[in-house]
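The values are calculated or read from the model by the stated rules, or taken from the named source; none is laboratory data. Just so we're clear, the structure is a prediction, and the values are computed from it rather than from any experiment. Heads up, the Cβs are rebuilt from the backbone with ideal geometry, glycines too, and the neighbour counts pull from every protein chain shown.
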Amino acid sequence: MGTELAGEPATGPGLLLDVRGLTKVFGSLIACNSVDLQIAKGEIHALLGENGAGKSTLVKMLFGTLAPNAGEIVWNGKQVRIGSPGEARRLGIGMVFQHFSLFEALTAAENIALSLDSTTPISAIAAKAKELSHSYGLPLDPGSLVGDLSVGERQRIEIIRCLLQEPDLIILDEPTSVLTPQEADKLFETLERLRGEGKSILYISHRLEEVQRICDRATVLRHGKVVAHCNPRQETAGSLARMMVGGDVHEVHREHPDHVEGAPLIEIRNLSQAPKGPFSMPLRDISLTVRAGEVVGIAGVAGNGQGEFFDAVSGEAVQADPATVRIRNIDAGTLGITGRRLLGAGFVPEERLGHGAVPGMKLSDNMLLARHTSDAKAFLGGGALGFIRRDAIEATTKRVVEEMDVRKSAEDPEASALSGGNLQKFIIGRELDRKPSVLIVNQPTWGVDAGAAARIRQALIDLTRTGSAVIVISQDLDELFEISDRIAVMAHGEMSPTIPIQEATREKIGLLMGGADTGAH
Amino acid sequence: MRLELAKRPQHSKLFSALSPFIAFVLTVIAGAILFALLGKSPGAALYAYFIAPLTDLWSLHELAIKAAPLILIAVGLAVCYLSNNWNIGAEGQFVMGAVVGAMLPILYPGLQQSPLALPVMLVMGALGGAAYAAIPAFLKARFNTNEILTSLMLVYVAQLFLDWLVRGPWRDPAAMNFPQAPRFTGYAVLPELLPSAGRANIGILFALIAAVLVWILLARTRKGFEIRVIGMSPRAGRFAGFSTRGAIFFSFLLSGALAGLAGISEVSGAIGRLQPSISPGYGFAAIIVAFLGRLNPLGIVAAGFVLALTYLGGEVAQIEVGVSDKVVRAFQGLLLFFVLACDTLIHYRIRFVPSERLAAVLPEAKSDA
């Protein structure tokens, strides 16, 4: 690869963190296999890897939430053991998690105060937070309620909370996955400023383009092992992806059909809905028609009504007026999710565990979960008694597992035992196997590795080639540009008109995503 | 050295099966310590508790009499608990089932001569229990009330209602001022299984049939699948199109009906009449039975006999060893405690971690910012 030279680990006094032979074993799975990682002072270091490559395990060991089975961690030249997040913080390691741990009903300052061990009064914390937020270009009002803040602003709270502890190393887990392109740019400026001050950053991401843009060095993990240390700027996105996946990444193949007007398969007309709780988004007069043979992408920053929109379209939340949602020319607004499935619709929710699948149930039971009525003929017997036909369900499960290349450790494991990507392949495969006329997918490749993501996207496009209509809700713009025929944007519970892909630009979409928020603060 | 719980990737099938047995062994050990502290010989006391009742035919019949209501109630409770509905009020549903079922022989004594009397009483008992369970179900489904509190409080309402009935309007005029209703006669009495050998009645058959039917329901049908999905993951249940409210009513009505059936069977069989107290806490002990049986109806059958044994053993021990009958409750409490504690082993494994690791970090720690 010729990258070993460029990625030669720094040595000597400039080295902040030196990890040697770190190993973590879960049962028969070696999540981290003798991992080496060196981070110099004042560098932004990328940690790249597919889902299940061992990134999270490695980071959890560095932050003290998991204890390694073997290996050593040398911090500032001294060997240390990190037994808890508190100890990690005392050493000077801070972490910003992908999923925020904030109380929505408390203010930003109160949330920050909660995580500090000290007994400093909240007013002092608020003042310090405000000062920090301005000096790092992360505008934040410490007195604002978290529930009222956008996801980008919530992330700023997490970052400031982390900075207040004056860490030498900041670990960021997939930080841009919830941001608009503009917000991400701002974050990069902050990171560069921190690097200028001599702080080190461990940046976990699967977005190769970002890694190339801001990271000085990268460590690539595959199947729990380090496969390369390299300088991402000397690599191409393709070569980085190959290191991660261990082979050429399958490129999604699609040709734009020349404006064949298919029949409308799903029509949403003037869908409005009051917010269901204090922190939920209302839906405001949404109309959308998706025709046979097309993918319509719905972009937007998380928490702008996408979840509510998905529930309203799937029938988990029903409408008063039957004509609000029409599936294959039949009014479905008052039908529940089972009724809408019977009309030929399929649904893939954002949360895999606990929404799309029951974590503690076997895959075959999770097959029945979404198809107990649509496939009642095959899966159930005994008429009204509804006896479960295990053999038929297990055969279908096996077919889906083979079709989607779901990798699993046992014949019929519990859903929670699968990695995120493999479970997502199963959940999408479960719907595709039904050959739905309409498929609505929320975040199809969230946290899914590159290989599985490409497979999922290809499967969605292939479905439209057979005359189905697909709606993809995603925060990943690259994904939407790759597979959509038209893109709409959700902001504050409203949906923009769709923009044909030929006319859509990242800037246009990004501005719509920002909505009325752009220019605030 | 310290103990650490490490989460297993999948739940352990071995410990799912083993944990009730480990719990039982721990209960026996704790019981032995308890007796030793009371100054009794642990060997003799444990023998009186767990072996003596099994040594003659008469007491095996008594065991069946005690096990029947425990199993009937616990099988219904398993459906509730699997669907995440915490019905703690089976004792009240048991009492109301007995009261409603007893309306026929008490209000229309002449009908006791009809062979239809018993089936009608049993159905009325089941309906009475179900109707009483519908109250906490409705409150939960409609107002999101905590069913643990409402169902528990309704137990005391039912007990006092029964008390008032047998001291007031339903008191037997021929009972010389004893607070009890007239004795059931004719076809209103639950037939005995083998009258020559002991008192056991066909109530135990109801329990076994109910256990098998509910097992089939839970393990083999869509309805059972629905119950388990809603219990494990309500959001996924909604995604599947299952109704959470439907599950609340289904599980409460089913468990109420089974508790009510147990109640009318008890008064028309073992007791023979309504009196101020008709249960030694079956409705509460059945909660232990349900968990000891791992919420599996077939496991519950075995667990029902174990708990029945503690009742019988308590009587034997009271007579032969001279310990208070309160020891029965202590035993049952210990058992539930150990059952719940041992369930940890299903999802976690215990690891011993040497303690030097902890000390190693501290000297490196940097002072707070």
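Numbers at a glance
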item	result
Spans of helices (runs of 4 or more DSSP H) in the stretch B:233-334 with at least 1 residues of a type in the set (Lys, Arg)	B:234-239, B:244-266
Qualifying residue in the stretch A:331-341 (condition: assigned to a helix (DSSP H, G or I), without any contact (Cβ under 8 Å) to a residue 24 or more places away in the chain, facing another protein chain (nearest Cβ under 8 Å) and buried (at least 19 other Cβ atoms within 10 Å of the Cβ))	yes
Residue, nearest to the other protein chains (Cβ to nearest Cβ), within the stretch A:142-165, restricted to residues that are in a loop (DSSP other than H, G, I, E, B) and without any contact (Cβ under 8 Å) to a residue 60 or more places away in the chain	A:142
Cβ pairs under 6 Å, 6+ apart, first in the stretch B:136-157 and over 14 Å from residue B:77 (Cβ atoms) and free of Cβ contacts under 8 Å to residues at least 12 places away in the same chain, second part of a helix (DSSP H, G or I) and not acidic (Asp, Glu)	B:139/B:150; B:145/B:139
Every residue from the stretch A:208-229 that is out of contact with any Pro (no Cβ under 6 Å at 6 or more places or on another chain) and within 22 Å of residue A:31 (Cα to Cα)	A:219, A:220, A:221, A:222, A:223, A:224, A:225, A:226, A:227, A:228, A:229
Number of positions in the stretch A:24-45 that are surrounded by fewer than 22 Cβ atoms within 10 Å (Cβ to Cβ) and over 22 Å from residue A:170 (Cα atoms)	8
Verdict on residue B:154 being modelled with pLDDT of 95 or more and within 15 Å of residue B:275 (Cβ to Cβ)	no
Candidate set: the stretch A:172-200, residues that are buried (at least 22 other Cβ atoms within 10 Å of the Cβ) and closer than 18 Å to residue A:62 by Cβ; chosen: the one farthest from the other protein chains (Cβ to nearest Cβ)	A:175
Test: residue in the stretch A:347-354 that is in contact with a Leu (Cβ under 6 Å, 6 or more places away or on another chain), basic (Lys, Arg) and either closer than 16 Å to residue A:430 by Cβ or at the interface with chain B (Cβ under 9 Å from one of its Cβ atoms) (or both)	yes
Meets criteria (in contact (Cβ under 8 Å) with a residue 40 or more places away in the chain, β-branched (Val, Ile, Thr), in contact with a Pro (Cβ under 9 Å, 6 or more places away or on another chain) and farther than 27 Å from residue A:22 by Cβ) for residue A:93	no
One residue from A:357, A:302 being facing chain B (nearest Cβ under 9 Å) and either modelled with pLDDT under 95 or under 30 Å from residue A:180 (Cα atoms) (or both)	A:357
Unmet requirement for residue B:45, which otherwise passes all of (1) modelled with pLDDT under 90; (2) small (Gly, Ala, Ser); (3) surrounded by fewer than 18 Cβ atoms within 10 Å (Cβ to Cβ)	(3)
Candidates A:364, A:409, A:374 - the one that is closer than 22 Å to residue B:217 by Cβ, in the same structural domain as residue A:445 (by TED's automatic domain parsing) and hydroxyl-bearing (Ser, Thr, Tyr)	A:364
Considering residues of the stretch A:92-106 that are surrounded by fewer than 21 Cβ atoms within 10 Å (Cβ to Cβ) and of a type outside the set (A, V, I, L, M) only, the residue nearest to residue A:277 (Cα to Cα)	A:104
The stretch B:9-37 residues that are more than 14 Å from every other protein chain (Cβ to nearest Cβ) and more than 18 Å from residue B:308 (Cα to Cα), paired with ones that are surrounded by 14 or more Cβ atoms within 10 Å (Cβ to Cβ) and among the acidic types (Asp, Glu) (beta carbon under 7 Å, 6 or more apart)	B:19/B:343
Subset of the stretch A:107-128 that is hydrophobic (A, V, I, L, M, F, W, C) and within 14 Å of chain B (Cβ to nearest Cβ) - its residue that is surrounded by the fewest Cβ atoms within 10 Å (Cβ to Cβ)	A:124
Residue B:51 being under 26 Å from residue B:131 (Cβ atoms), surrounded by fewer than 22 Cβ atoms within 10 Å (Cβ to Cβ) and either of a type outside the set (A, V, I, L, M) or more than 14 Å from chain A (Cβ to nearest Cβ) (or both)	no
Residue A:440 crowded, with 21+ Cβ neighbours inside 10 Å and touching a residue at least 60 places away in the same chain (Cβ under 8 Å)	yes
Residue match in the stretch B:177-200 (condition: out of contact with any strand residue (DSSP E or B) (no Cβ under 8 Å at 6 or more places or on another chain), assigned to a helix (DSSP H, G or I) and within 14 Å of chain A (Cβ to nearest Cβ))	no
Unique match (being in contact with a Phe, Trp or Tyr (Cβ under 9 Å, 6 or more places away or on another chain) and buried (at least 19 other Cβ atoms within 10 Å of the Cβ)) among A:423, A:418	A:418
Where residue A:490 falls short, out of the listed (1) at pLDDT below 90; (2) part of a strand (DSSP E or B)	(1)
Within the stretch A:63-80, tally of residues that are closer than 20 Å to residue A:200 by Cα and more than 7 Å from every other protein chain (Cβ to nearest Cβ)	9
Odd one out for residue B:243, checked against (1) surrounded by 18 or more Cβ atoms within 10 Å (Cβ to Cβ); (2) within 14 Å of chain A (Cβ to nearest Cβ); (3) closer than 15 Å to residue B:141 by Cβ; (4) among the polar types (S, T, N, Q)	(1)
Count of residues meeting criterion [within 11 Å of chain B (Cβ to nearest Cβ) and either out of contact with any strand residue (DSSP E or B) (no Cβ under 8 Å at 6 or more places or on another chain) or surrounded by fewer than 21 Cβ atoms within 10 Å (Cβ to Cβ) (or both)] in the stretch A:81-91	7
Any hit, the stretch A:389-403, residues being touching a Lys or Arg at 6+ places or on another chain (Cβ under 7 Å) and in a loop (DSSP other than H, G, I, E, B)	no
Helices (runs of 4 or more DSSP H) wholly inside the stretch B:1-92 that include at least 1 residues being under 15 Å from the mean Cα position of the chain (by Cα) and basic (Lys, Arg)	B:57-82
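Residue-wise test of (1) small (Gly, Ala, Ser); (2) under 17 Å from residue A:73 (Cα atoms).
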position: A:24; (1), (2): no, yes
position: A:29; (1), (2): no, no
position: A:33; (1), (2): no, yes
position: A:38; (1), (2): no, yes
position: A:41; (1), (2): no, yes
position: A:45; (1), (2): no, yes
position: A:54; (1), (2): yes, yes
position: A:57; (1), (2): no, yes
position: A:62; (1), (2): no, yes
